[in-house]
Amino acid sequence: MKKSIAYFVFTVAVFLTSCKKKEEPVVIDPPVTPCQKTIVNVTSDITSPATWDECHIYVIASNQISISSELTINPGVIVKFIDACSDNAILISSSGNIKALGTVEKPIVFTSHKDDANGGDSNGDGSTTFPARKDWGGIVINSNSCEFKHCVFKYGGEGPGGNVGQPTLEFSSYYGIIDACEFAYCGGESTYNGYGVVDARACHNTSFSITNCIFYGCIKPLFINPFLSVDNSNTFHNPENLTEKNNLNGIFITSESNEATTDVSWLETEVPFVLSGSLYIGNGLKLKLAENVIIKMADLPAPGFNKISIREGSSSIEGYSLPGVYFTSYYDDSLGGDTNGDGGLTNASSGDWYGIQDISASIGTNNFCYSWSNILFRKYP
């Protein structure tokens, strides 16, 4: 009997041991070794689908590269432009497209060939040269649906010659999406109606959007038209140095004889909206403002000429009486800062611009102009 019990115990022990789950060996993935970036000189147009990867630094080495197919730029890619080429640029044709979708960890950088801080000493001159505004031209968009997210644009804005500038990112009659991008030390032009760093004045498609972007060290950050809305998500100073802003620190609006076709919202409060000419509001639509929005009016072609004109009774400026909302002169540094960038050399005065006119309203003042207390330095009433 004892032998039977012993045999039973031994059998159960063997069975349980055989049923015990075997431990899987621990597999440790080898560490990912970052690739060594090598330089690719881009001298030919892109006519078939292409992808640029982060293991290369792409150097635009000719005057202009045309893209007539789709170019995908992966996160972490660095694109440099040789400034020996006058007005060097990337041109997206009507049949082309660009998707530059970086990430927070791996932004896509568009910069000067002299920029050793991004991608190293690509021009091989040690520390002999340094990057600066207008080292390269820009990217010209002639196609819808181009996207730029988590991109950094530095030292762009060189024009075709002399002191002429150009946009670093230009939307020529076509829309695109710009989100979470940084524009630093780029050019544009210093006149009230000159190019902006991002220039979409020719884009009337309301699908255009620019959100969560940062501008600093630039001449004129943003130029759009009255058809386009702007929210309050963009930043117009260096987050790491609050005093580093832009020369003409505003959102500039080109003059249009045509009226917007949808309601338009101007909600940015850090910098003013600057009208380079008259603004017309009609077709029963609204210009929507938020608290603390400032609108400034340029005085060219002559003082007292430019105005905001409400053309139909059902059209209106929604939010005109909200706290902090003002309509004033381009030369008024007391509201929105020194937007014309002249260091206080000019002063606002009565009659700098026409006023806000509503020809459909029964206004007992000169030329159908409103006399709201927040309309400053106007000519009428």
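The values are calculated or read from the model by the stated rules, or taken from the named source; none is laboratory data. For clarity, every value in this text was computed on a predicted model and none was experimentally measured. Cβ sites come from the backbone with ideal geometry, for glycine too, and all protein chains shown count toward neighbours.
Which of the residues belonging to region 116-173 are hydrophobic (A, V, I, L, M, F, W, C) and outside any loop (DSSP other than H, G, I, E, B)? Matches in region 116-173: I139, V140, I141, C146, F148, C151, V152, F153, L169, F171.
State whether the residues of region 220-240 include one that is among the hydrophobic types (A, V, I, L, M, F, W, C), assigned to a loop (DSSP other than H, G, I, E, B) and not assigned by TED's automatic domain parsing to the domain that holds F171. First the steps, then the outcome.
Restricting attention to region 220-240, the residues satisfying the condition of being among the hydrophobic types (A, V, I, L, M, F, W, C) are 222-224, 227-228, 230, 236.
Remaining after also requiring assigned to a loop (DSSP other than H, G, I, E, B): 227-228, 236.
Pick out the ones that are also not assigned by TED's automatic domain parsing to the domain that holds F171 and you get none.
Looking for residues that are among the hydrophobic types (A, V, I, L, M, F, W, C), assigned to a loop (DSSP other than H, G, I, E, B) and not assigned by TED's automatic domain parsing to the domain that holds F171, one finds none in region 220-240, hence no.
Comparison of I219, I214, I210, I224 shows that the only residue that is over 13 Å from the mean Cα position of the chain (by Cα) and in contact (Cβ under 8 Å) with a residue 12 or more places away in the chain is I219.
Residues of region 186-203 that are crowded, with 24+ Cβ neighbours inside 10 Å and outside any strand (DSSP E or B): C186, G187, G188, Y195, G196, V197, A200, R201.
Tell me, yes or no, whether region 263-277 has at least one residue that is within 13 Å of the chain's Cα centre (by Cα) and not in a strand (DSSP E or B). No, every residue in region 263-277 fails to be within 13 Å of the chain's Cα centre (by Cα) and not in a strand (DSSP E or B).
Looking only at region 110-120, decide whether some residue is among the aliphatic types (A, V, I, L, M) and farther than 24 Å from Y175 by Cα. Can you show your working first?
Here is the first cut: in region 110-120, the ones among the aliphatic types (A, V, I, L, M) are 117.
Then keep just the ones that are farther than 24 Å from Y175 by Cα; that gives 117.
There is at least one residue in region 110-120 that is among the aliphatic types (A, V, I, L, M) and farther than 24 Å from Y175 by Cα.
If you check I224, I214 for being of a type in the set (V, I, T), touching a strand residue (DSSP E or B) at 6+ places or on another chain (Cβ under 7 Å) and surrounded by 21 or more Cβ atoms within 10 Å (Cβ to Cβ), only one passes: I224. Taking every residue in region 35-47 that is in contact (Cβ under 8 Å) with a residue 40 or more places away in the chain and pairing it with any residue that is surrounded by 13 or more Cβ atoms within 10 Å (Cβ to Cβ) and not in a loop (DSSP other than H, G, I, E, B), at least 6 positions away or on another chain, the pairs with Cβ-Cβ distances below 6 Å are K37/I57; I39/I57; I39/V59; I46/I67; I46/L71. Within the set G196, G176, the sole residue that is closer than 20 Å to G157 by Cβ and in contact with a Pro (Cβ under 7 Å, 6 or more places away or on another chain) turns out to be G196. When A260 is tested against (1) in contact with a Pro (Cβ under 9 Å, 6 or more places away or on another chain); (2) of a type outside the set (K, R); (3) modelled with pLDDT of 95 or more, only condition (3) is not met. Looking at region 88-103, is at least one residue of a type outside the set (S, T, Y), surrounded by fewer than 19 Cβ atoms within 10 Å (Cβ to Cβ) and either assigned to a loop (DSSP other than H, G, I, E, B) or modelled with pLDDT under 90 (or both)? Within region 88-103, not a single residue is of a type outside the set (S, T, Y), surrounded by fewer than 19 Cβ atoms within 10 Å (Cβ to Cβ) and either assigned to a loop (DSSP other than H, G, I, E, B) or modelled with pLDDT under 90 (or both). All of S350, S309, S329 fail the test of being hydroxyl-bearing (S, T, Y) and over 29 Å from G188 (Cβ atoms), apart from S350.
Against the condition at positive phi, modelled with pLDDT under 95 and either in a loop (DSSP other than H, G, I, E, B) or surrounded by fewer than 21 Cβ atoms within 10 Å (Cβ to Cβ) (or both), how does G344 come out, does it pass? When the stated conditions are applied, G344 passes them. Total residues in region 278-302 satisfying the condition of being at pLDDT 95 or above and assigned to a loop (DSSP other than H, G, I, E, B): the figure is 4.
Please find, within region 126-183, the residue that is nearest to V109 (Cα to Cα) out of those that are of a type in the set (K, R) and under 15 Å from the mean Cα position of the chain (by Cα). This residue is K154.
Has region 243-251 got at least one residue that is outside any loop (DSSP other than H, G, I, E, B), without any contact (Cβ under 8 Å) to a residue 60 or more places away in the chain and either assigned by TED's automatic domain parsing to the domain that holds I310 or surrounded by 23 or more Cβ atoms within 10 Å (Cβ to Cβ) (or both)?
Residues of region 243-251 outside any loop (DSSP other than H, G, I, E, B): 251.
Filter once more, keeping what is without any contact (Cβ under 8 Å) to a residue 60 or more places away in the chain: 251.
Then keep just the ones that are either assigned by TED's automatic domain parsing to the domain that holds I310 or surrounded by 23 or more Cβ atoms within 10 Å (Cβ to Cβ) (or both); that gives 251.
Yes, that holds for at least one residue.
Within region 87-144, the set of residues being basic (K, R) and touching a Leu at 6+ places or on another chain (Cβ under 6 Å) is empty.
Would you be able to say whether some residue in region 327-335 is under 16 Å from Y280 (Cα atoms), surrounded by 19 or more Cβ atoms within 10 Å (Cβ to Cβ) and in contact (Cβ under 8 Å) with a residue 60 or more places away in the chain? Within region 327-335, none of the residues are under 16 Å from Y280 (Cα atoms), surrounded by 19 or more Cβ atoms within 10 Å (Cβ to Cβ) and in contact (Cβ under 8 Å) with a residue 60 or more places away in the chain.
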